[in-house]
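The values are calculated or read from the model by the stated rules, or taken from the named source; none is laboratory data. Quick caveat: nothing in here was measured; it's all calculated off a predicted structure. Note that each Cβ is placed from the backbone with ideal geometry, even for glycine, and that neighbours are counted across all protein chains shown. The protein model used for the area step is the full one, side chains on, heavy atoms only, and it has no ligands, DNA or RNA in it. Shrake-Rupley method; radii C 1.70, N 1.55, O 1.52, S 1.80 Å.
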Amino acid sequence: MSTNKIGLHDTAPLESSLGLPRVSVEFQDEDHSLFNGQTGGGEDGNVNKNGDDDGSSLSSFHSSGLGSSNPDSNSSSGGGPGSGSRKKKSPQDMIAAEEHKAVNRARAFMVIFLVSGAGLMAQAAYFFVHFGEINSFHDAYGDQSKTVQSAMTYELSSTLAVIDSFMNAIQSDNEAAIAAAATTTGSSSSEQMDWPFVEIPDFGVRAAKILSLSRASVLTVYPKVEAGQQRVEWETWAREHDNWIGESLEVQRNDPTYAGRQASSWTPSNSIFNFQGPLPREAPGPHYPMFYASPIAPIPSREVYNFDLYDDSAKELQQMHDNGVVILGRTRNLADPNDPVQMQEQEATIGWMTDLLGPDVQGITEPMITINYPIIQKSNERVIASPNALNDGYQHSVVGTITVTLLWQELLQDLLSPGSNGIVVVIGNECGTAFTYQLNGPIATFLGRGDLHDQEYDENDDLNTAAYLHDLIQNGTSGATYTGAPLDTELCPYWVKTYASDEMREDYETIMPLLFLSLTILIFLFAFCVFKIYDWVSERRTKKIMRVAAQSSAVVASLFPKVVRDRLFAPIPKKADTKRDSIFVENAKMRVQKFLGEGTTRGASSRHGRNHDLSDGNEDSMSTGDRQQQNEAQAAVANAPIAELFTDTTVMFAD
């Protein structure tokens, strides 16, 4: 058996220039190759295991590893078949390209995620705040509409209740006066004290207090007078008992709250009259001559009492008389601008109200209503009203009417608190009358004749309500129980409708949804900027590391052949110990010592693993201990010293 030593004399200059030690290899049998006992060579003279250029031979170490800047080049110095062909990408370049694509995909995914998240979250924030405002708007309208209906019903019910109390007081006073007269003078004189011949003591003071307790502006009493003899008796009696006018004028002069026109005298009336003048003696009745009124502002040379209301409101008074019900009469001051007769009547009404209330009263030129409350004989003996009074055998004997005039603005004023703006109130009746107010807190603003609400809110039941006034009053919507005469439900019943408005919506639909949307977008934009800055810093750091790694790799590629490089950068086997991150955990010296010290254990573990694999071929059937030993054996092989790194060694091959 011969021993041959191969000296690498052809690389001596390069080794000396690089400071590398000299390597010698001894063969005991020249017929043995460096690997697996086979000898092979290609056209480029490289010793190769399979005939391919893998850079594993020593000649490849010098010619390819040291003499070439590209260790993976397949072109030989002899100009073989690969000479002049396009360079093939190395696995490292392909892995780098894949990693670069993966990074770009991750970056694109993150950008898409941020943009999509920003859009979704911005929309969610916008609609969350927007729908919250809409709900607040609907809730506010619901509360305000209930407040308007309840407060308006309460004011109207209170006014009617005050009138009912006044009527009962008149009845009680008159019955007491009749009883006293019957005792002192006999029945003949007491009959002259019954209706319509009823005196109301201290009328001026009592009427002023009634008006202060209600929303009414004018109170008037109209006794019922039959045509014929009773009319003659009435005209005489009225002329003899008109001293109440002087008492009322004195009360007004001493009342600091009275702002109407003051007067000190009046013209007595000799006959019942209407707008055209005194009624003829043969005029059919009944008549409802005005006798008591507060406030009163007599006009010189004009009769101040005995105006016949029946001539102007026959239908309403007849309905009141037949059914004993409260009649909500015509609304005045709603003249058609194109009708001169209506305009003249409206001007007369405004002048009359100005004399009584003064020119500074708000709403005097706006719609007003006259309410006719029946004076019912012996009404002070029972509570007569109930929701079904007309169907419960309601007994009544109407002997006159107490009429109050209300300004609709007074009825709608101060219903809402400041800040509750924009609710629209439409009031009308079944006879075609309609007018519109808008409530801005405690202030009621007249918008005009007709239903002027925004029809946009007709389709949304949450933003409009409607109810009849008689239902609101009789059903006790305001929380108070009304016990006076029932309201009429047949002759032009009044209704109240409330609507939301754009002004009201503007108080609740603000720019807050847009602000939240913008804030959400800004937050995601900030996150995107942070991501881009981090990505830029990371990419810059990665490029720096890659540049250093490329330089290091170039050094390694210029010093070592491919087989060494593969061992240096080989990944951890899949079944290796996961606690070891790479083969570089231990330095070369320690790795050699451990390899030499654990050779026996490693060999036994390797043989045990091979025997176990050959015995059953089923990895799942391995025990935990066997699997651990096999992993340790594979890890030991992976961490074995690289023979090519021994700077001076002798390799012996023997049969």
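For the reader, a short list of remarks on this structure follows.
- Label-point gap, in nm, between Arg302 and Ser397 - each point 7 angstrom along Cα→Cβ: 3.8
- The listed residues Asp461, Asp502, Asp139, once ranked by accessible area (1.4 Å probe) with the largest placed first, stand as Asp461, Asp139, Asp502.
- Whole-number D in µm² s⁻¹ for the stretch 198-284, Kirkwood Cα-pair radius fed into Stokes-Einstein, 4 °C, 1.567 mPa s: 86
- Taking 0.36 nm per residue of separation and subtracting the Cα-Cα distance, full extension of the segment from Cys529 to Glu240 would add 94.2 nm.
- Relative contact order computed over the stretch 109-232 (Cα-Cα under 8 Å; 6+ residues apart), in percent: 23
- Simple point charges give the picture: +1 on the Cβ of Lys and Arg, -1 on the Cβ of Asp and Glu, and for the stretch 208-316 a dipole about the Cα centre of about 320 debye.
- To put it simply, the accessible area of the stretch 464-515 at a 1.4 Å probe is 51 percent carbon and sulfur.
- Using a probe of 1.4 angstrom and keeping all protein chains present, the accessible surface of the stretch 136-223 works out to 40 square angstrom per residue.
- Cα gyration tensor shape of the stretch 225-338, rounded if a/c is under 1.5, else prolate or oblate by comparing a/b with b/c: oblate
- Spin-label proximity, Glu509 to the stretch 129-150 - amide N less than 13 Å from point 7 Å beyond Cα toward beta carbon: 130-138
- Part-to-part distance (alpha-carbon centres) for the stretch 461-539 and the stretch 283-327, which is given in Å: 47
- Between the alpha-carbon centres of the stretch 403-424 and the stretch 166-183 there is a gap of 38 Å.
- Summary of packing: across the peptides 314-327, 419-432, the per-residue average of other C-beta atoms within 10 Å ranks them, highest first, as 314-327, 419-432.
- Residue order for Ile112, Ile473 - accessible surface, 1.4 angstrom probe, largest first: Ile112, Ile473
- Legend: calculated FRET efficiency, Ala182 to Ala227, from the Cβ-Cβ distance at R0 = 22 Å, rounded to 0.05, equals 0.20.
- Ordering of 448-456, 196-204 by packing is 196-204, 448-456, highest average first (other Cβ atoms within 10 Å, averaged per residue).
- Distance cut-off 15 Å, percentage of C-alpha pairs in the stretch 333-379 lying past it: 55
- Computed on protein heavy atoms with a 1.4 Å probe, the accessible areas place Trp536, Trp495 in the order Trp536, Trp495, largest first.
- Pairs from the table (Lys532/Lys562; Lys315/Lys497; Lys146/Lys224; Lys209/Lys378; Lys224/Lys497) lying more than 32 angstrom apart at Cα are Lys532/Lys562; Lys146/Lys224; Lys224/Lys497.
- Simple label model, 7 Å out from Cα along Cβ direction - Glu490 to Asp461, nm: 3.2
- Taking other residues whose beta carbon is less than 11 angstrom from the beta carbon of Val326, and scoring Lys, Arg as +1 and Asp, Glu as -1, yields -3.
- Per-residue extension of 0.36 nm, minus the Cα-Cα distance of Val111 and Glu539, leaves a gain of 152.5 nm for this segment.
- Additional length obtainable on full extension of the chain from Ala549 to Lys315, 0.36 nm per residue less Cα span: 73.4 nm
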